[in-house]
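Read the structure below first, then the notes.
The values are calculated or read from the model by the stated rules, or taken from the named source; none is laboratory data. Nothing here was measured: the structure is a model prediction, and the numbers come from that model. Note that each Cβ is placed from the backbone with ideal geometry, even for glycine, and that neighbours are counted across all protein chains shown. Heavy atoms of the whole protein, side chains included, go into the accessibility calculation; ligands, DNA and RNA do not. Shrake-Rupley method; radii C 1.70, N 1.55, O 1.52, S 1.80 Å.
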Amino acid sequence: MSAQVQTAPQKSGAAGAAIFAGSESRKYNYYEPKGRKATHYEDMTVDVQPDPERYLLQDWIISFGDGRPAYSKDSTAAKSSNWHKFRAIDQEWERTHYQRQSTICGMIQNVIDNGRKSGAASRFDKTWIKVLQDHLGAYKHAEFGLGTATMQAQRYGYTQMINNAVLTNSSYKLRFAQDLTLYLAELGIDIGPTLDTAAGKKHWLEDPVWQGTRKSVESIMGATDYLEQYFAINLVFEPLVGELFRSGFIMQLAAAQGDFITPAVVSAAEADYERNLANAVELFHILAHEPEFAAHNQGVFNGWLAEHGALALEAAKNLQPIWSQPRAKVSSFADALAAAKNRIKTITTEVGIRAPASLTA
């Protein structure tokens, strides 16, 4: 008599009876590595989060009061035949993330300390000091909002690999918001009471220049789909608003105002984004070319791109008056916006979707 085939998960403590990738191997390896050999990153992340569809006989042992399982594929409109395929490009896990964050914090503090010892702040153009006070002080709230959004989003990722990428994204954002807060506070010590460290919050809440950015960030924070939040931040907001302000304004104009400290502080966020972007492009490229759900996912992504793209473009255009405020003008808003639009065109092409003409023309 043949053995009965099990067709549905059992709500029991039984586990470990399934056949997996390394079942016949003398080396314990229960998953299929991306390359020839499993990496340390894969060992620390792949299948760490349980999935009743892989290896386990029992169903979810923890559920919410309304019956929803601890992790559900329905937490996003995107679909996949294999949520476990994604591997983060930066291969960052807990230990490597702490090490990198520590290195960044040390680098930033060294730059600030050396600048303060040399009296650098006293040589900043006075108009530029007000720009940093009002607008860099406002922008830190955007970073905090995006960090909060990704912190919430990571909880719903169906696999640990996705959760890790979203959570490290959150950690970088929250650290950079803190970097800016501490940096402006230290500038205030050297410059004196003429630098108002509370001005940034006032501009974030009341200045028309920042209300588009605030609306865009709050729209992302209010989204209930965790991949929509991850998509909107890295594929839409960052190239159109985040990089526009950080690279297209602060890093372009600072040196001409006698400021060689702020670009070094801000450059850490640009390096963070390159890692976050690489991870996001990898994930959404996989989903956009899914063997079963490619057309569905591309439709979902195009919807997200249209909605959040319109908000981000409005936010970017609202920032234009800031470019006219520094005394020494070495770059234009038009050039910065053109670079941002070209960036989003490149990003969406890599994913396999097409950005609306309004975002690229």
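Here are the numbers for this structure:
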read-out	value
Matching residues, the stretch 36-49, being assigned to a loop (DSSP other than H, G, I, E, B) and either at pLDDT below 80 or charged (D, E, K, R) (or both)	36, 37, 47, 49
Search result, residues across the stretch 270-296 that are open to solvent by 20 Å² or more (accessible area, probe 1.4 Å), acidic (Asp, Glu) and farther than 27 Å from residue 98 by Cα	292
Residue among 267, 358, 331, 324 that is surrounded by fewer than 21 Cβ atoms within 10 Å (Cβ to Cβ) and under 16 Å from the mean Cα position of the chain (by Cα)	267
Some residue of the stretch 90-109 being on the phi < 0 side of the Ramachandran plot and in contact with a Pro (Cβ under 8 Å, 6 or more places away or on another chain)	no
Matching residues in the stretch 189-238 - criterion: being buried (at least 17 other Cβ atoms within 10 Å of the Cβ), in contact with a Leu (Cβ under 7 Å, 6 or more places away or on another chain) and farther than 20 Å from residue 146 by Cα	195
Evaluation of residue 178 against (1) modelled with pLDDT of 95 or more; (2) open to solvent by less than 30 Å² (accessible area, probe 1.4 Å) (one fails), failing number	(2)
Which numbered condition residue 300 misses (of (1) open to solvent by less than 70 Å² (accessible area, probe 1.4 Å); (2) in contact with an Asp or Glu (Cβ under 7 Å, 6 or more places away or on another chain))	(2)
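Residue-wise test of (1) in a loop (DSSP other than H, G, I, E, B); (2) under 21 Å from the mean Cα position of the chain (by Cα); (3) modelled with pLDDT under 85; (4) surrounded by 14 or more Cβ atoms within 10 Å (Cβ to Cβ).
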residue	(1), (2), (3), (4)
13	yes, no, yes, no
25	yes, no, yes, no
34	yes, no, yes, yes
51	yes, no, yes, yes
105	no, yes, no, yes
112	no, no, no, yes
115	no, no, no, yes
